Amino acid sequence: GENVEQHPSTLSVQEGDSAVIKCTYSDSASNYFPWYKQELGKGPQLIIDIRSNVGEKKDQRIAVTLNKTAKHFSLHITETQPEDSAVYFCAASNPNTGGFKTIFGAGTRLFVKA
Amino acid sequence: GAVVSQHPSRVICKSGTSVKIECRSLDFQATTMFWYRQFPKQSLMLMATSNEGSKATYEQGVEKDKFLINHASLTLSTLTVTSAHPEDSSFYICSASKTGLGTEAFFGQGTRLTVV
């Protein structure tokens, strides 16, 4: 089945700097790659996603890149703010597994220091 | 965006009792819903896929008799933790995808279960 690896597990940046989180996936049939932000005691919230027919997507300070050949994708947050501090999860979804179940990476705990 | 509601958000129960958690898609129909479990400072681990009108599909290592899943309608799936023990204490999260459309999954707010 699908396996998603995520790095780093913890990331600390200064306010205003950029943060980059990287993930790799194993199943070449996966075609949907969402990123989630999870705050303490809450469910994950989708912040951006990318499909396999696109190499890059941007939404204000957040961007995601996808390299299908290498099977890796990355999240880039620019001009980080303290409220960006949270746990971020990458995920991969394979339509052939039925119902598009989502497999998550281990998560990255982002600290943005003011 | 679509809304998925989970209830209750927190529950405390005694060892040996059963607890039911509900997952509802409020403004869309979901043929398939998913149940995840999350331990502190860890990732979401898929437990099972809930299929409307049929039996759930459980991931390897998840006891189907321990975690009963019922998906009786296109907007409701329930997870029942039977004969709960302290080691079942965890954060349980459901997600749902719109029937026949796309691949985006919408997540509930989670249920914190504490077994004492």
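Throughout, read-outs are computed from the coordinates displayed, never taken from laboratory work. All figures in this text were calculated on a predicted structure; none of them were measured in a lab. Cβ sites come from the backbone with ideal geometry, for glycine too, and all protein chains shown count toward neighbours.
Data for the structure
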| item | result |
| --- | --- |
| Positive-pole candidate from B:VAL115, B:MET45, B:ILE93, dipole of chain B, charges at beta carbon | B:VAL115 |
| Coarse-grained scattering of chain A at q = 0.18, 0.23, 0.24 Å⁻¹, given as base-10 log I(q)/I(0) from a Debye sum over alpha-carbon atoms | -0.85, -1.31, -1.40 |
| Taking only Cα atoms of the stretch B:1-53, radius of gyration then Dmax in Å | 13.2, 39 |
| Peptides ranked, highest mean first, by Cβ atoms within 10 Å: ranges B:30-43, A:39-52, B:7-20 | B:30-43, A:39-52, B:7-20 |
| 31 Å Cα-Cα threshold exceeded, pairs from A:LYS22/B:LYS14; A:LYS22/A:LYS42; B:LYS20/B:LYS98; A:LYS22/A:LYS101; A:LYS42/B:LYS14; A:LYS71/B:LYS55 | A:LYS22/B:LYS14; A:LYS71/B:LYS55 |
| Cα-based equivalent ellipsoid, the stretch A:52-93: semi-axes from gyration tensor eigenvalues, Å | 22, 12, 8 |
| For the stretch A:27-37, Karplus couplings with θ = phi - 60° (6.51, -1.76, 1.60), whole Hz, Gly/Pro x | 8, 5, 7, 4, 9, 9, 10, x, 10, 10, 10 |
| Within the protein assembly as shown: Cβ-based charge dipole about Cα centre, in debye rounded to nearest 20 (Lys, Arg +1; Asp, Glu -1) | 240 |
| Extension gain (nm, one decimal) between A:GLN14 and A:ASP59, 0.36 nm per residue minus Cα-Cα | 14.1 nm |
| Karplus (6.51, -1.76, 1.60) ³J(HN,Hα), θ = phi - 60°, over the stretch B:107-116, in Hz, Gly and Pro reported as x | 9, x, 7, x, 10, 8, 9, 10, 10, 10 |
| Gyration tensor over alpha-carbon atoms, chain B, equivalent ellipsoid semi-axes in Å | 23, 14, 13 |
| Residue-averaged beta-carbon neighbours from other chains (10 angstrom radius) around B:33-40 | 2 |
| Over the protein assembly as shown, equivalent-ellipsoid semi-axes from the Cα gyration tensor in Å | 30, 21, 15 |
| Approximate spin-label separation A:HIS7-A:PHE111, in nm, with each point projected 7 Å along Cα-to-Cβ | 2.1 |
